[in-house]
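Worksheet: the structure to be examined is printed underneath.
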Amino acid sequence: MTIGKAQMVATIRVPSDRDPARRARRPAASAPTRREVLALADWLGSWQVPAVVMEATDYWKGPF
């Protein structure tokens, strides 16, 4: 998940529709507001994502 001041993006990898042996990316973007973070959590849950990892540096802050 990439988090910024105005937008955050989560990307999941799922089996490709064209070739199930390959993976496809499914990105989702949202604002870092409570409502949007909860909607993103629901989206991840609908794909049965068991864990989320955030890429971070010293300059990035998690959504609160």
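Each residue in the range 37-51 was checked for being open to solvent by 70 Å² or more (accessible area, probe 1.4 Å) and within 19 Å of residue 7 (Cβ to Cβ), and 2 pass. Taking the range 1-36 as the search range and keeping residues that are open to solvent by 90 Å² or more (accessible area, probe 1.4 Å) and at pLDDT below 90, which one is farthest from the chain's Cα centre (by Cα)? Per the criteria, the residue is 20. Contact map, the range 34-51: residues that are among the basic types (Lys, Arg) paired with residues that are loosely packed, with under 15 Cβ neighbours inside 10 Å, Cβ distance under 9 Å, separation 6+ or inter-chain. Pairs shown: 34/64. Restricting attention to the range 7-37, the residues that are of a type in the set (D, E, K, R), in a strand (DSSP E or B) and over 13 Å from residue 49 (Cβ atoms) add up to 2.
Taking the range 51-64 as the range and being more than 12 Å from the chain's Cα centre (by Cα) and either at pLDDT 90 or above or not acidic (Asp, Glu) (or both) as the test, the residues that pass are 56, 57, 59, 60, 61, 62, 63, 64.
The values are calculated or read from the model by the stated rules, or taken from the named source; none is laboratory data. The model shown is predicted, which means the values in this text are computed figures rather than measured ones. Glycine gets a Cβ as well: all are built from the backbone with ideal geometry, and neighbour counts include every protein chain shown. Side chains are part of the model used for accessible areas, which takes the heavy atoms of the whole protein and leaves out ligands, DNA and RNA. Shrake-Rupley method; radii C 1.70, N 1.55, O 1.52, S 1.80 Å.
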